[in-house]
Amino acid sequence: MSTPTKETSAPAAPPQPSAARRVLTGIGVQNSSLIITLIALVILLSVLNENFLRTNNLLLIGSAITIMGLLALVQTLVIILGALDISVGSMAGLASVISAMVFTSTGNAEVGILAAVGVGIVCGLVNGMIIIFGRVNPVVATLAMLATYKGIAQVISNGKAQGYTGGDDLFIFLAKGSVLGLPALVWVFLIVAALLHFLLKYTDIGRNVYAIGGNDTAARLAGININRYIIGVYALVGVVAAIAGVLITARTGSGQPTSGSEGLELQAVTGAALGGTMLKGGRGSIVSTVLAVVILGVLDNGMSGLGINPFWQNVAHGALLVIAVVLQQLRSGERRVGLPE
């Protein structure tokens with residue numbers, strides 16, 4: 001007599017996420033929120049200003065965000081490392097002066113640009129060495145060098161615009177040229193963003209930068225030479241700040257010791273923080289910073305198009321920085337200063 005056998009059913013397959021959820025996961029929550037914010041802002045401004053979505057205006061936004069965007073990109077890198085660089089604007093101003101003065105004396109734009117990049121590397125190395133060998137907090141060190149680089153730029157230029165680059169083909173191309181319908185300024189920004197994104201996401205260098213910013217003690221025990229990374233990252237900041245300075249020279253037609261670079265430090269930090277880069281280090285994304293920079297550019301352009309006093313742009317940037325930092329603190333779940341748990 002045979003015994004009845006129990007029929008075994010195959011385990012139920014786990015529910016598959018919806019297509020929308022898969023897309024959201026791929027993009028990331030931070031990027032999704034930035035994209036939604038950007039879309040809402042564009043819709044609002046296009047309703048308030050019928051000229052906002054015109055091609056010329058959109059290209060103008062792209063050109064306008066380039067210099068601030070470049071500094072925000074490298075600020076993202078240095079913040080992920082667990083540090084900060086307050087001197088990026090002054091380095092850009094010094095590089096602007098150097099590029100124009102060397103071009104004026106040699107008549108060669110390439111030599112002027114290389115000289116500016118060389119100065120940027122030196123400035124970045126100085127910042128890194130002060131932090132390492134002087135054991136100075138990065139904020140204090142770069143704040144001091146902000147004043148130093150600005151002072152050097154004013155001394156060698158006598159506080160005035162230097163040279164004239166408006167007749168040189170290379171500088172004209174950088175300022176007004178275009179490739180495939182996009183301004184050359186935008187291409188510079190996109191190329192630097194792509195290179196930094198690749199560096200952070202697909203190389204051991206990028207992984208080590210995240211590791212140092214996340215836990216420098218663990219990174220040191222893992223054999224990572226933290227001092228080397230600090231010096232290297234700050235030197236890279238100097239290179240990109242110098243590129244920004246060259247673009248200032250190209251756009252204005254002369255070397256500018258302060259005009260065009262004043263206040264870029266706040267804008268760079270705001271762009272990085274608004275993009276979700278944790279100010280304590282170890283977390284951030286170049287793509288998110290690019291989206292945040294575009295939001296800032298759209299906001300500034302929209303305010304100008306509506307005839308709002310441009311001084312309110314600084315107020316808006318400061319408010320956005322505070323909001324971004326507050327949101328970071330709330331997400332971290334840390335105890336708030338001065339309040340009981």
**Report entry** All positions within region 52-81 that are in a loop (DSSP other than H, G, I, E, B) and crowded, with 24+ Cβ neighbours inside 10 Å
**Finding:** Ile65, Leu81
Query - Some residue of region 158-168 being part of a helix (DSSP H, G or I) and in contact (Cβ under 8 Å) with a residue 60 or more places away in the chain - result: no
Query raised in the report: Of Val122, Val140, Val111, Val136, which residue is in a helix (DSSP H, G or I), open to solvent by 40 Å² or more (accessible area, probe 1.4 Å), farther than 25 Å from Leu170 by Cβ and not hydroxyl-bearing (Ser, Thr, Tyr)?
Result: Val140
Query raised in the report: Mind checking whether some residue in region 93-100 is aliphatic (A, V, I, L, M), open to solvent by 90 Å² or more (accessible area, probe 1.4 Å) and modelled with pLDDT of 85 or more?
Result: no
Query - Criterion (part of a helix (DSSP H, G or I), hydroxyl-bearing (Ser, Thr, Tyr) and at pLDDT 85 or above) met by exactly one of Ser304, Ser288 - result: Ser288
Query raised in the report: Under 8 Å by Cβ, and 6 or more places apart or on different chains, what pairs join a residue from region 38-51 that is more than 21 Å from Gly275 (Cβ to Cβ) with one that is hydrophobic (A, V, I, L, M, F, W, C) and outside any helix (DSSP H, G or I)?
Result: Ser46/Phe52; Ser46/Leu53; Leu48/Leu306; Asn49/Leu306
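The values are calculated or read from the model by the stated rules, or taken from the named source; none is laboratory data. Note that the structure is predicted; figures quoted are calculated from it, not measured. Cβ atoms come from the backbone with ideal geometry, glycine included; neighbour counts cover every protein chain shown. Note: areas computed on protein heavy atoms with side chains; ligands, DNA, RNA excluded. Shrake-Rupley method; radii C 1.70, N 1.55, O 1.52, S 1.80 Å.
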